[in-house]
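Data block below; observations after.
Laboratory data are not the source of any read-out in this text; all were calculated from the coordinates shown. Because the structure is predicted, anything quoted here is derived from the model rather than measured. Heads up, the Cβs are rebuilt from the backbone with ideal geometry, glycines too, and the neighbour counts pull from every protein chain shown.
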Amino acid sequence: MSTHNHLIKPEAEKEYNILNLGPTHPATHGIFQNILKMDGEIIMHAEPTVGYIHRAFEKIAEYRPYNQITPLTDRLNYCSSPINNMGWHMTVEKLIGCEVPKRADYLRVIIMELSRIADHVICTTIIGQDTGATTGFLYFFQMREKIYEIFEEVCGARLTTNIGRVGGMERDFSEVAWAKLKIFMVEFPKFLKEFQSLIERNRIFMDRTIDCGPITGERALAYGFTGPNLRAAGIDYDVRVANPFSSYQDFDFSIPIGSNGDTYDRFMVRIQEMWESVSIIKQALDKMPTGEFHADVPEFYLPNKEDVYSKMEALIYHFKIVMGEMDVPKGEVYHSVEGGNGELGFYLISDGNRSPFRLHFRRPCFIYYQAYPEMITGGLLSDAILTMSSMNVIAGELDA
Amino acid sequence: MNTTELFDHLSEKLKSQFGDDFIGGEIQYDFPVLIVEKKRIIDVLQFLKTTPELNFNFLTTLCGIHMPENKGSELAVMYQLHNMVENWRIRVKIFMEDGDTKVPSVTSIWPAANWMERQEYDFFGFKFVGHPDLRRILNMDEMNYFPMRKEYPLEDGSRDDKNDKMFGR
């Protein structure tokens, strides 16, 4: 060993490589640019650049009536767009003081938990993919397809769903949707179990992910982490429990937490959350109340299309809602939901006009991605890729 | 403690600590909103964070607001803090005149504020004093205006490729 010491240059003469990782690098799953200063394979410094798909949603929202903002929220975290939609609807409901019937709440819970599963399926399989375990990505990923089929049955769209309305759901689940959901509830646990047994205790996977991109709970809080990434660092904060929305207080579920905040913990927290989601959906199916699937707020809830063509009141309300002529109270309101990545908040100021005066999205990705340089500095390049996929940074949410 | 009690409690605390620099507040839905002088914002947030009994140690979000109608205090920044143990959420607001956009940066208290402040600089042009790296973050560096301010229309006014003579836009 010592014979080669003369080859190692002293600190002052060291030359570093600058590596441009991204903007469109196949390993980063999205448009992320990181300019890395490399010492061989070790990252000395990282400088992320964001904003490549910035679409100015906060500005556009100031020019759109409330119902037309839902499609914008679809495009935040597009892996779990129903949660964003519901979050927005609930924000408006809070502003106008609308009480949603229990059945609508439960239907929403089912949809939200399904999309949480879809989100976590993407993240966990991609962690597998990036460690070289392609099987999960190809095999377990079909469960996302099944979830999208349910969404399609409920709202007609798959990825950017625009699901639900202000005041409830746009329609009750159809027979086919219930049937598909039932099949999913039987199939999914088997797949999840298989995927878990394939990866979770795999020696190669564990060696690869344990201690990869760790963050302490304290730093995670300082950096504004929420969601699975914060819980992986050992802090049991979940909006569903802290500020229950959409009747989450009716369900019995636990919050899985990790201890090291590394890639393995983030993976495991997401796996366990999928089990919790399955249990929540099961409870919702068992306890599904009867009754209306939307609140009785005709001045905000888009009426049924058949009624629009045959009833005068429905036509009037339809026109008023589409043209944005509703009486919205003045005020400012913040509402947050537990999105796939953490606390997704909507800060809305209304001045009584047809569109928001100011709408600010608290996007969990945007806030926690700034810890990324700190998490990867001193590690290997291949760990940086893995850390990014385990943080589940979604470009749409990052750049809004 | 419910929202009203929390609001009264915090108002009393801030009043005794900061005197006239605590301007007042209101309750907006389930949030106590506290308004303070801009120059004391760091002290106020530090006080809210470090006082053991209050313990607002999590910065949920911060954002700028532009209100051209509100003469004399056209711009505002709101900070949303969270005490996760007691599950208290509050909003702290500062107001300022349009010409005077210097705001003390809170990055020294929460590193999370770094990009949030860069975003609000990008959108509104707030000059966060003490920020380690105040650059545009979402828009391109060459942009010469602050797009979220109300005087700028949704679409770039300099475009002439869209003719609205016939149908309006």
Tell me which aspartates and glutamates have Cα within less than 20 Å of residue A:320's Cα, excluding those fewer than 8 residues away on the same chain?
-> A:62, A:93, A:170, A:296, A:299, A:306, A:307, A:351
Per-residue mean of other chain beta-carbon atoms within 10 angstrom of the beta-carbon, peptide A:238-251?
-> 1
Using a Gaussian network model of chain A whose springs link C-alpha atoms within less than 10 Å, name the residue from A:175, A:149, A:292 with the highest mean-square fluctuation.
-> A:175
Just how far, in whole angstrom, is the range A:279-296 from the range A:332-377 if you go by their alpha carbon centroids?
-> 28 Å
Alpha-carbon spread of the protein assembly as shown, three principal axes, descending order, Å = 91, 62, 58
Distance between modelled label sites at residue A:210 and residue A:306, nm, 7 Å Cα→Cβ extension = 6.0 nm
Taking A:201, B:149, A:362, A:266 and counting other beta carbon atoms within 10 angstrom, the fewest-first order is A:201, B:149, A:362, A:266
222 nm [θ] for chain B, helices only, -39500 (n - 2.57) per DSSP H run of 4+, per residue, to 500?
-> -7000 deg cm²/dmol
Checking the range B:15-63 for GluC sites (Glu not before Pro) in a loop per DSSP with at most 10 other beta-carbon atoms within 10 Å yields B:53
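Fewest Cβ neighbours within 10 Å first, please rank B:131, B:9, A:360 accordingly.
Working: B:131 20, B:9 15, A:360 26.
Starting with the residue having the fewest Cβ neighbours, the order is B:9, B:131, A:360.
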Value of [θ]222 nm, deg cm²/dmol, for chain A, DSSP H segments ≥ 4, -39500 (n - 2.57) each, nearest 500 | -14500 deg cm²/dmol
Going fewest to most other Cβ atoms within 10 Å around each Cβ, A:236, B:20 line up as B:20, A:236
Among A:37/B:49; B:49/B:150; B:93/B:127; A:9/A:37; B:15/B:102, the pairs whose Cα-Cα distance exceeds 28 Å are A:37/B:49; B:49/B:150
Gaussian network model of chain A, springs between alpha carbon atoms under 10 Å - residue of A:323, A:388, A:90 with greatest fluctuation = A:323
Identify all lysines with a Cα-Cα distance to residue A:180 below 27 Å; exclude those on the same chain that are fewer than 8 residues away in sequence.
-> A:102, A:146, A:190, A:193, A:282, A:287, A:305
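Do you know the relative contact order of chain B, to the nearest whole percent, from alpha carbon pairs under 8 angstrom that are 6+ apart? Mind showing how you got there, number by number?
Details: 260 pairs, mean separation 26.1, N = 169.
Result for chain B is 15 percent.
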Heads up, the range A:2-49 by the C-alpha gyration tensor (a ≥ b ≥ c square roots of eigenvalues; a/c under 1.5 rounded, else a/b over b/c prolate, else oblate) looks prolate
Can you give the net charge of the other residues whose Cβ lies under 14 Å from the Cβ of residue A:27, counting K and R as +1 and D and E as -1?
-> -2
Crossing angle, helix A:81-96 versus chain A [Cα axis fit, 0-90 degrees, rounded to tens] = 50 degrees
Compute the Cα gyration tensor for the range B:55-160, then decide on rounded, prolate or oblate, letting a ≥ b ≥ c be the square roots of its eigenvalues: rounded whenever a/c is under 1.5, prolate when a/b is larger than b/c in the other cases, and oblate in all that remain.
-> prolate
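What helices in chain B pass both tests, a Cα length along the helix axis of 20 Å or more and a mean Kyte hydropathy of -1.0 or higher, using whole DSSP H runs?
Details: long enough: B:3-18 (22 Å, -0.69).
Correct list, ordered by number: B:3-18.
Quick one: grab the alpha carbon gyration tensor of the range A:147-250, order the square roots of its eigenvalues as a ≥ b ≥ c, and give me rounded if a/c is under 1.5, else prolate or oblate depending on whether a/b is larger than b/c.
Numbers: a/c = 2.66, a/b = 1.43, b/c = 1.86.
Judged from the Cα gyration tensor, the range A:147-250 comes out oblate (a/c at least 1.5, b/c at or above a/b).
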If you add up the charges near residue B:56, with Lys and Arg at +1 and Asp and Glu at -1, over every other residue whose beta carbon is less than 15 angstrom from its beta carbon, what do you get?
-> +2
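How many partner chain Cβ atoms sit within 10 Å of a residue's Cβ in peptide B:140-151, on average, as a whole number?
Values: counts 2, 1, 0, 0, 0, 0, 0, 3, 6, 1, 3, 0.
Mean shielding count: 1.
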According to a simple spin-label model (label point 7 Å from Cα along Cα-to-Cβ), what is the distance in nm between residue A:18 and residue A:382?
-> 2.7 nm
Angle between chain A longest axis and helix A:312-323 axis [Cα atoms, degrees, rounded to 10] = 30 degrees
Which angle between 0 and 90 degrees, to the nearest 10, do you get for helix A:175-199 versus the longest principal axis of chain A when only C-alpha atoms count?
-> 10 degrees
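Please report the relative contact order for the range A:57-399, taking Cα pairs under 8 Å with a sequence separation of at least 6, and give it as a percent rounded to a whole number. Display every interim value, and only then the final one.
Details: 613 pairs, mean separation 92.5, N = 343.
Reported relative contact order: 27 percent.
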Provide the gained length on full extension for the span residue A:27 to residue A:319, in nm with one decimal, where the gain is 0.36 nm per separating residue minus the Cα-Cα distance.
-> 100.4 nm
Quickly work out the residue A:218-to-residue A:186 label distance, labels modelled 7 Å from Cα along the C-beta direction, and quote it in nm with one decimal.
-> 5.3 nm
Just need the relative contact order of the range A:2-49 here, percent rounded to a whole number, with Cα pairs under 8 Å and 6+ apart.
-> 28 percent
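Counting Lys and Arg as +1 and Asp and Glu as -1, what is the net charge of the other residues whose Cβ lies under 15 Å from the Cβ of residue A:330?
Values: positive: A:94, A:354, A:358; negative: A:327, A:332, A:351, B:26, B:69.
Taking every other residue near residue A:330 into account, the sum is -2.
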Hey, for a label at residue A:141 modelled as a point 7 Å past Cα toward Cβ, could you say which residues of the range A:15-42 have their backbone N under 15 Å away?
-> A:26-30
